[in-house]
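Here the structure is laid out as structure tokens; the discussion comes afterwards.
The values are calculated or read from the model by the stated rules, or taken from the named source; none is laboratory data. Bear in mind that the values here come from a model prediction, so they are computed numbers and not experimental data. Every residue, glycine among them, receives a Cβ derived from its backbone with ideal geometry; neighbour counts consider all protein chains shown. These area figures cover heavy atoms from the full protein model, side chains too; ligands, DNA and RNA do not enter into them. Shrake-Rupley method; radii C 1.70, N 1.55, O 1.52, S 1.80 Å.
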Amino acid sequence: VPEHVWRINLDVPEEAQQNLSFGAADRWWEQTDLTKLILASNKLQSLSEDVQLLPALTMLDVHDNQLTSLPSALGQLENLQKLDVSHNKLRSLPEELLQLPRLRSLLVQHNELSQLPEGLGQLLTLEELDVSNNQLTAIPTSFALLVNLVRLNLACNQLRELPADLSAMKSLRQLDCTKNYLETVPSKLATMASLEQLYLRKNKLRSLPEFPSCKLLKELHAGENQIEILDAENLKQLSSLCVLELRDNKIKAVPEEITVLQKLERLDLANNDISRLPYTLGNLPQLKFLALEGNPLRTIRRDLLQKGTQELLKYLRSKIQDDGPGPNEEPPVTAMTLPSQSKVNTHAITTLKLLEYSDKQAAEIPAAVFDAVGTNPVATVNFSKNQLREIPPRLVELKDSVCDVSLGFNKISSVSSELCLLHKLTHLDLRNNVLTALPEEMEALKRLHTINLAFNRFKVFPSVLYHLPALETILLSNNQVGSIDPVQLKGMDKLGTLDLQNNDLLQVPPELGNCENLRSLLLEGNPFRTPRAAVLAKGTAAVLEYLRSRIPT
């Protein structure tokens, strides 16, 4: 740090030395001391003890440097309210830090701390403390003294237990313990009367903690644990809960008592061992989002899950009134579309330009189906709901006329080059298959404007999609996509709908906000923390605006 930065309150500025006659009122440098100093994102390896020459500082931000220690002189900055030393290489914090009488925000995330000063509880004015992404194995008992703390982030450390004394934090509203080694949560924690958001994702919990006094708890995130049982008694205590996230556990049953959660808006039970649901779930008045994919549900058809929360709730409500099929009976199969297994519906080919062979559980499409086309132009092909393991090679025979192909609900694991020759293709439905990638040759489908890839096994966003200029709709929900490239997406001028619900996005790049052509951006059911559910609920325009506001300037 240049020497004159530390001396900025002491030295007379250059313009005062140019023999200009400053009146007393104009001598600003004598009246104003420096209050904010931002040295973030540099390559600082140390901070000078001269920081004590800036006693009026209220905010010091040195995040994203290469600091391995902090000067003890920090303890003399008695006006300091916010200290951000995150994203450095700190192994310890100086004891002098504990003398700061007005400190409200202390951010030390992403360092190399293996312990915190025992007296941290002396920082009585602290409202926000972030120690996430360090190597902490324990929390000082003095934490209990931080009665003004509102937000505490302990995520991504090596904690095996939480001290019961945390319950003394009467103001705490947000507690994040994601990605530690917690097997239980102390029962005393249940007395934290102000707690609104609790994150326990990615731990080793075997049961849902009890929260008798947490009357304000609105969000409970406990996905990716080893929870097997949802205790009805525990649920009854969570009357204010709006978000309950329990995906990727081992839950086998959902108790009828879930209906006591009358304020529940989001319920995520994806990837558990649930085989049946209480139909009364349909009566939750506020429920807007229900994720159930990845469960061995017997009573609910897979295509119903695909239709979204409202349809699912409507179905569950209808079953409460019905004395219809019992819970283990299969729903009736709809009438077959084709007159018989052997005959092909030539009438549909000639009048509707439709070639249909769906819902047959066929391992391949019989030659007779293609033979029946003759010279007739076919615009639409529907081979969905079969057992196809590959795209039928003879599709290429229809390349001069076909524009809509449906191959959903099969077992297709890769897209063949034949499909890439269908140069008139505008709609392609490949949902509910086992695809993990798309070939670059698909770039040839210049007219494609809708593609449905929901319920496959994509771990990355298929890069060839960025090169299809006519694409208006990309449906990629219920995969395992971990990231997207906002710059390439911005180049897709026609893209209006992008559905990435229920994927593995850990963050949403702010630059996605620049994709102003998007009219529908669906991001629910991903593990990212921001934008929060409240922002997502406001709709696409609000989400894009929020993301733009987060772009670093």
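Figures for the structure shown
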| item | result |
| --- | --- |
| The lone exception for residue 402 - which of (1) open to solvent by 20 Å² or more (accessible area, probe 1.4 Å); (2) among the hydrophobic types (A, V, I, L, M, F, W, C); (3) more than 32 Å from the chain's Cα centre (by Cα) it fails | (1) |
| Enumeration of residues in the stretch 37-46 that are part of a loop (DSSP other than H, G, I, E, B) and open to solvent by 80 Å² or more (accessible area, probe 1.4 Å) | 42, 43, 45 |
| Filter pass, residue 308 being touching a helix residue (DSSP H, G or I) at 6+ places or on another chain (Cβ under 9 Å), of a type in the set (Gly, Ala, Ser) and open to solvent by less than 50 Å² (accessible area, probe 1.4 Å) | no |
| Filtered residue count, the stretch 218-252, keeping only those that are farther than 20 Å from residue 528 by Cβ and assigned to a loop (DSSP other than H, G, I, E, B) | 13 |
| Of the criteria (1) open to solvent by 50 Å² or more (accessible area, probe 1.4 Å); (2) among the aliphatic types (A, V, I, L, M); (3) under 36 Å from the mean Cα position of the chain (by Cα), which one residue 367 fails | (3) |
| For residue 129: the one exception among (1) under 30 Å from residue 253 (Cβ atoms); (2) in contact with a strand residue (DSSP E or B) (Cβ under 6 Å, 6 or more places away or on another chain) | (1) |
| Lone qualifier among 312, 354, 284 - being of a type in the set (A, V, I, L, M), modelled with pLDDT of 80 or more and more than 23 Å from residue 246 (Cβ to Cβ) | 354 |
| Tally, over the stretch 370-399, of residues that are of a type in the set (Phe, Trp, Tyr) and either over 21 Å from residue 438 (Cβ atoms) or loosely packed, with under 15 Cβ neighbours inside 10 Å (or both) | 1 |
| Among (1) modelled with pLDDT of 85 or more; (2) assigned to a loop (DSSP other than H, G, I, E, B) - the single one residue 144 does not satisfy | (2) |
| Residue 118 being within 31 Å of the chain's Cα centre (by Cα), among the acidic types (Asp, Glu) and over 30 Å from residue 8 (Cβ atoms) | no |
| Residue among 152, 182, 93, 123 that is among the hydrophobic types (A, V, I, L, M, F, W, C), in contact with a Leu (Cβ under 7 Å, 6 or more places away or on another chain) and either modelled with pLDDT under 95 or over 25 Å from residue 60 (Cα atoms) (or both) | 182 |
| Scan of the stretch 151-206 for residues that are open to solvent by 40 Å² or more (accessible area, probe 1.4 Å), part of a helix (DSSP H, G or I) and outside the structural domain of residue 242 (by the TED database), ordered by number | 165 |
| Leading residue by the ranking (farthest from residue 152 (Cα to Cα)) among those in the stretch 53-100 that are small (Gly, Ala, Ser) and surrounded by fewer than 17 Cβ atoms within 10 Å (Cβ to Cβ) | 56 |
| In the stretch 347-382, the residues that are of a type in the set (S, T, N, Q) and either in contact with a Phe, Trp or Tyr (Cβ under 9 Å, 6 or more places away or on another chain) or not assigned by the TED database to the domain that holds residue 430 (or both) | 358, 382 |
| Matching residues, the stretch 442-456, being hydrophobic (A, V, I, L, M, F, W, C), open to solvent by 10 Å² or more (accessible area, probe 1.4 Å) and assigned to a loop (DSSP other than H, G, I, E, B) | 455 |
| Flag for residue 133 being in a loop (DSSP other than H, G, I, E, B) and open to solvent by 30 Å² or more (accessible area, probe 1.4 Å) | yes |
| Qualifying residue in the stretch 101-110 (condition: open to solvent by 10 Å² or more (accessible area, probe 1.4 Å), under 25 Å from residue 56 (Cα atoms), under 30 Å from the mean Cα position of the chain (by Cα) and among the hydrophobic types (A, V, I, L, M, F, W, C)) | yes |
| Options 372, 367: the member that is in contact with a Ser or Thr (Cβ under 8 Å, 6 or more places away or on another chain), modelled with pLDDT of 85 or more and aliphatic (A, V, I, L, M) | 372 |
